[in-house]
Amino acid sequence: MASAPIPKAELHLHIEGTLEPELAFRLAGRNGVELRYASAEELRDAYSFCDLQSFLDLYYELMAVLRTEDDFADLARAYLERAAAQGVRHAEIFFDPQAHTSRGVPIGTVIGGLARALDDSEERYGVSTALIMCFLRDESAASALETLEAATPYLDRIIGVGLDSAEVGNPPEKFREVYDRAAALGLRRVAHAGEEGPPQYVTQALDLLGVERVDHGLRSLEDPELVARLVRDRIPLTVCPLSNVRLRAVDRLEDHPLPRMLAAGLLVTVNSDDPAYFGGYADDNFTAVRDALGLDDETLRDLAANSFRAAFLDDARRRSYL
Ligand code: HPA
Ligand code: ZN
């Protein structure tokens, strides 16, 4: 019998990226939304991406099926059930409010539906949770600020803010004022940087946005001074190996820089990003890097321990997981 998956925290997971084709069709039927695919199989066959943008186009298109609180609750429950089976004990979950409000879905519907699923997640699935609200970096800073203001009634549900979507040409500095405001509201700060964008975007995220964790961060390796800083300051990088291959940030999993990152002393975690699109959930990513990169059990245990070290948990909770 296969051994139980190693207990871990998931720190880089877009809830909209957990929309499996079958659920997309079920929600489309429920909401009377037309999809331009004949079946879940045909949709899954379209999951072939050449870069981040080619994925984002489909990712945003399919969100049309998410309309009601029930839809967001069903989406999150489906993810949490799968996450539990993959050894996830704690999940810090990204969501993209602007991708919904721009379609006329109120932010309260999004947060209300997600919160319903998260509220009984520990009891039902044994997974503790937190929500991180991401701003779409290819939208304006004014739109991000408006989104932050619209979220103020729900701040007790949100642990922090993040930055995602099309990276190149949308540097962190664009969102400085938004992140200052988020900090003033007591929110934790993370940002995608160094996925397709240059190492300077990682430096900017640290210097100008005050992020405590960097999502992806792969291209940091091109700047030795930045690597030294990330190591010295114990800044976690939430790496997503299967995503990196599917979006062609890395040619083959066998070439993934994860071993180099570990050897450099970086605080690296392994995560699934958009698992419905990239071919695997949290433990699938662990298994894939183990097999492709020949990681031993001790390294896998270290990666899992890093996920709890890097999580926004209080010390008592963190200790209970480590
Ligand atoms: N990068 C940027 N934006 C995203 C991603 C990603 O990997 N997934 C969902 N939105
Ligand atoms: Zn991501």
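The values are calculated or read from the model by the stated rules, or taken from the named source; none is laboratory data. As the structure is a prediction and not an experimental result, all values here were calculated from the model. Glycine gets a Cβ as well: all are built from the backbone with ideal geometry, and neighbour counts include every protein chain shown.
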Every residue from segment 66-86 that is in a loop (DSSP other than H, G, I, E, B) and out of contact with any Leu (no Cβ under 7 Å at 6 or more places or on another chain): Arg67, Thr68, Gln86
Somewhere in segment 243-252, is a residue more than 18 Å from the chain's Cα centre (by Cα), away from ligand 1 (no atom under 16 Å from the Cβ) and not polar (S, T, N, Q)? yes
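Can you name the residue in segment 20-45 that is in a loop (DSSP other than H, G, I, E, B) and surrounded by 14 or more Cβ atoms within 10 Å (Cβ to Cβ) and is also nearest to ligand 1 (Cβ to nearest atom) among such residues?
Filtering segment 20-45 for residues that are in a loop (DSSP other than H, G, I, E, B) and surrounded by 14 or more Cβ atoms within 10 Å (Cβ to Cβ), the one nearest to ligand 1 (Cβ to nearest atom) comes out as Glu20.
Within segment 137-170, can you find the residues that are touching a residue at least 60 places away in the same chain (Cβ under 8 Å) and either within 16 Å of ligand 2 (Cβ to nearest atom) or surrounded by 21 or more Cβ atoms within 10 Å (Cβ to Cβ) (or both)? First the steps, then the outcome.
First, pick out the residues of segment 137-170 that are touching a residue at least 60 places away in the same chain (Cβ under 8 Å): 159-160, 162, 164-167.
Correct list: Gly160, Gly162, Asp164, Ser165, Ala166, Glu167.
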The one condition Tyr59 fails out of (1) more than 14 Å from ligand 1 (Cβ to nearest atom); (2) crowded, with 19+ Cβ neighbours inside 10 Å; (3) among the hydroxyl-bearing types (Ser, Thr, Tyr) is (1)
If Ser272 meets every condition in (1) within 16 Å of ligand 2 (Cβ to nearest atom); (2) among the hydroxyl-bearing types (Ser, Thr, Tyr); (3) in contact with a Lys or Arg (Cβ under 9 Å, 6 or more places away or on another chain) apart from one, which number is that one? (3)
Only one residue in Ala193, Ala166 is small (Gly, Ala, Ser), within 14 Å of ligand 1 (Cβ to nearest atom) and touching a strand residue (DSSP E or B) at 6+ places or on another chain (Cβ under 6 Å), so which one is that? Ala193
Residues that are within 16 Å of ligand 1 (Cβ to nearest atom) and without any contact (Cβ under 8 Å) to a residue 60 or more places away in the chain: does segment 106-126 have at least one? yes
Evaluation of Ala24 against (1) over 15 Å from the mean Cα position of the chain (by Cα); (2) within 30 Å of Arg317 (Cα to Cα) (one fails), failing number: (2)
Go through Thr269, Thr299 for me and flag whichever is hydroxyl-bearing (Ser, Thr, Tyr) and in a strand (DSSP E or B). Thr269
With the requirement that a residue be buried (at least 19 other Cβ atoms within 10 Å of the Cβ) and part of a loop (DSSP other than H, G, I, E, B), what does segment 7-19 give you? Leu19
Name the residue that is farthest from Glu92 (Cα to Cα), counting only residues in segment 302-322 that are without any contact (Cβ under 8 Å) to a residue 40 or more places away in the chain and part of a loop (DSSP other than H, G, I, E, B). Leu322
Quick check on this structure: which one of Ala182, Ala151, Ala99, Ala130 is touching a Gly at 6+ places or on another chain (Cβ under 9 Å) and under 23 Å from Met63 (Cα atoms)? Ala130
Matching residues in segment 190-208 - criterion: being crowded, with 21+ Cβ neighbours inside 10 Å and within 16 Å of ligand 2 (Cβ to nearest atom): Val190, Ala191, His192, Ala193, Gly194, Glu195, Gly197, Tyr201, Val202, Ala205
Checking the condition in contact (Cβ under 8 Å) with a residue 24 or more places away in the chain and away from ligand 2 (no atom under 16 Å from the Cβ), which residue from Leu242, Leu247, Leu218, Leu266 passes? Leu266
Of the candidates Ala78, Ala28, Ala91, Ala117, the one satisfying the condition of being within 16 Å of ligand 2 (Cβ to nearest atom) and small (Gly, Ala, Ser) is Ala91
Are any of the residues in segment 90-105 within 19 Å of the chain's Cα centre (by Cα), at pLDDT 95 or above and either under 20 Å from Val202 (Cα atoms) or surrounded by fewer than 19 Cβ atoms within 10 Å (Cβ to Cβ) (or both)? yes
Hits in segment 245-266 (condition: closer than 19 Å to Leu19 by Cα and either touching a His at 6+ places or on another chain (Cβ under 7 Å) or part of a loop (DSSP other than H, G, I, E, B) (or both)): Leu247
